[in-house]
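Read through the structure below, which is laid out as C-alpha cells, and then see the notes.
The values are calculated or read from the model by the stated rules, or taken from the named source; none is laboratory data. Here the structure is a predicted model, which means the values were calculated and not measured. Cβ sites come from the backbone with ideal geometry, for glycine too, and all protein chains shown count toward neighbours. In case anyone asks, the SASA skips ligands and DNA or RNA and just uses the protein heavy atoms, side chains included. Shrake-Rupley method; radii C 1.70, N 1.55, O 1.52, S 1.80 Å.
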Amino acid sequence: MTFEKVNSKVVKADLATGGDVLARKGAMLFYTGDVRFVPHSPGGAGGMGGMGGVVGMAGRAMAGEHEVMMAATGNGEVHYGRAGLHVTVVALQGDRLVVEASRLLAHTANLQSAVVPLASGGSGGGGLRGMVRGAVTGQGMFTTQLSGHGAAVLLSHGGTIELPVRPGGGTFVDPQAYVGHRGNVEVKLAAKVGWRDAVGRGGGEAMQLELRGDGVVYVQASEQKL
C-alpha cells in the first residue's frame, strides 16, 4: 500500500513503490529523496476529475469541493498530516469511497475522482454531506467520490470507527460524526423528530443518516466539524 501510518496523526507515502500521490495543499510535513510538487487542477492528467475541465471546477466551486490539491511525484517518501487530526487509511479494490473534500487528506493519483451531485443515482450516497448540509444548514449539494484500485487517507477528530453496513438491516449515524462510506451503500437522511424536538426540548439527535446495502461507514469519535 502507498500509505503507511507513522502514528495516529501522520501518514507516509512511498512514491517509489506506490506511484504519485495527490494531497491537499499544506498537508506535506516533510519528505526525503527526489520529490517534486506540482499544483493539480480538477480534470487534469492521469484520469482524474470525473467532471473535467471547466465543468469540474464549476461543480467543485458550487459544491464547496474546492480544496487545492498538490501532486507529489518522483522517488522518495513524503509525510502528510493536518492540524493534528487523526488519519485513517482506506484501501480501495475497485470499489467506491464517498467523502467530503474537507475530510480527504490525500489519495493515490490513479484513483478516479468525481464530484457527485445530490440527485445522482447508482453511487448510492452521492451528495451525502451536501444532503445533510442542505437539510440542516442550507449549504452545498455535492460530495467527492473516489473509485478504482488505490488508497485514500481520511481526516477525523479522535479517530474513526469502521462500522459494517450489511444487507437486510440499517445502520444509523449522526451526520456530524459521519466521515465517509465505501462500497455499495445507499444513504438517506432520516428525520427522527418527536414532539420534544418540535418544541425545542429534544436532545439534538433529530436528523440521522440511514445507511443500507453492503459496505462500510467510517464514523469519527466526535461530532465536531472540520
### Query
By accessible area of protein heavy atoms, probe 1.4 Å, what ranking do 3, 37 get, highest first?
37, 3
#### Entry: Residue-level accessible surface for residue 96, protein heavy atoms, 1.4 Å, Å²
80
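So if R0 is 35 Å, what FRET efficiency would residue 191 and residue 37 give, r being the distance between their Cβ atoms, rounded to the nearest 0.05? It would help to have the intermediate numbers written out before the result.
On the way: r = 45 Å, r/R0 = 1.28.
The formula returns an efficiency of 0.20 here.
Rank these by accessible area, largest first, 1.4 Å probe: 100, 77, 186.
Values: 100 25, 77 60, 186 125 Å².
Solvent-accessible surface, decreasing: 186, 77, 100.
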### Query
Can you list residues whose amide H is under 5 Å from residue 95's amide H, if they're 5+ apart or on another chain and H is modeled 1.01 Å from N?
148
### Query
With respect to the cross-link table entries 9/225; 9/188; 25/188; 5/225, which display a Cα-Cα separation exceeding 26 Å?
9/188; 25/188
